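One structure is given here, and the rest of the page talks about it.
The values are calculated or read from the model by the stated rules, or taken from the named source; none is laboratory data. Everything numeric in this text was worked out from a predicted model, so none of it was measured. Backbone-built Cβ (ideal geometry, glycine too); neighbour counts: all protein chains shown.
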């Protein structure tokens, strides 16, 4: 995702930006509401998410969010603030924020909040790769019109690969997204689940899930359909 980080603390901006970019996101940073307005005006397309501080020079985050919503900008916003009062969180949510994270925080919690907001905001898509149809809302899978029964983890892995739209996902990324593990436990749990999933959905020697040597896995249509 393209994420705009708005915070007057340069160390926090650098820390969050570096962490998010290691997870594959693209970040843009601003040190104040005024700077954030300039950044947004210069963007060809709005960001996918805004991480917004409350107390900043040149206009507080609450006023900034209120202005965005008044202009009809529906970009998801997560407040990241030292403000601990219940009234601050309530006001932020009522103004249209999607979540409120109190500083100091663990980076893993920030990631989890971002992923939760993304899931809530995501449209109800149905993914199709070749003749495989994946319905995330109903959690159903069909191959050639025939239902394929998967375990919850098998479904989550298949959906994650389909959502990547052909991009290769590393084992570390899959561990984080499917299992919620933010470190490499040095096990073959990903490879084992991929092998099981292939046995469930593949009908020929050509697998829909490709191994990219040294990188990870990706889901692509059969070669004759490319």
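Filtered by the rule that a residue be part of a loop (DSSP other than H, G, I, E, B) and on the phi < 0 side of the Ramachandran plot, the stretch 92-125 gives 95, 97, 98, 103, 104, 105, 106, 122, 123, 124, 125.
State whether one or more residues within the stretch 107-121 are over 20 Å from the mean Cα position of the chain (by Cα) and over 23 Å from residue 70 (Cα atoms). Talk me through it step by step, then tell me what you get.
Pass one, the stretch 107-121, residues over 20 Å from the mean Cα position of the chain (by Cα): none.
No; the residues of the stretch 107-121 include none that is over 20 Å from the mean Cα position of the chain (by Cα) and over 23 Å from residue 70 (Cα atoms).
Among the residues examined, residue 197 does not qualify as in a loop (DSSP other than H, G, I, E, B) and over 18 Å from residue 214 (Cα atoms). Of everything in the stretch 1-17 that's touching a helix residue (DSSP H, G or I) at 6+ places or on another chain (Cβ under 8 Å) and part of a loop (DSSP other than H, G, I, E, B), which residue is farthest from residue 35 (Cα to Cα)? Result: 1. Among the residues of the stretch 49-67, those identified as crowded, with 17+ Cβ neighbours inside 10 Å, assigned to a loop (DSSP other than H, G, I, E, B) and either touching a strand residue (DSSP E or B) at 6+ places or on another chain (Cβ under 9 Å) or not assigned by TED's automatic domain parsing to the domain that holds residue 115 (or both) are 53, 54, 56.
A single entry from 112, 97 fulfils the requirement of being surrounded by 14 or more Cβ atoms within 10 Å (Cβ to Cβ), more than 30 Å from residue 202 (Cβ to Cβ) and in contact (Cβ under 8 Å) with a residue 60 or more places away in the chain: 112.
Tally up the residues in the stretch 205-220 that are assigned to a loop (DSSP other than H, G, I, E, B), without any contact (Cβ under 8 Å) to a residue 40 or more places away in the chain and within 18 Å of residue 128 (Cα to Cα), please.
First, pick out the residues of the stretch 205-220 that are assigned to a loop (DSSP other than H, G, I, E, B): 205-208, 213-215, 220.
Filter once more, so that each one left must be without any contact (Cβ under 8 Å) to a residue 40 or more places away in the chain: 205-207, 213-214.
Checking the rest, the ones that are also within 18 Å of residue 128 (Cα to Cα) come to 206-207.
Adding up the residues that qualify gives 2.
Here is a yes/no grid of residues against (1) surrounded by 12 or more Cβ atoms within 10 Å (Cβ to Cβ); (2) in the same structural domain as residue 56 (by TED's automatic domain parsing):
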{"residue": "78", "(1), (2)": "yes, yes"}
{"residue": "86", "(1), (2)": "no, yes"}
{"residue": "132", "(1), (2)": "yes, no"}
{"residue": "147", "(1), (2)": "no, no"}
{"residue": "152", "(1), (2)": "no, no"}
{"residue": "155", "(1), (2)": "yes, no"}
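Scan the stretch 116-128 for residues that are free of Cβ contacts under 8 Å to residues at least 24 places away in the same chain and either in contact with a strand residue (DSSP E or B) (Cβ under 8 Å, 6 or more places away or on another chain) or surrounded by 15 or more Cβ atoms within 10 Å (Cβ to Cβ) (or both) and report the count. Within the stretch 116-128, residues that are free of Cβ contacts under 8 Å to residues at least 24 places away in the same chain and either in contact with a strand residue (DSSP E or B) (Cβ under 8 Å, 6 or more places away or on another chain) or surrounded by 15 or more Cβ atoms within 10 Å (Cβ to Cβ) (or both) number 3.
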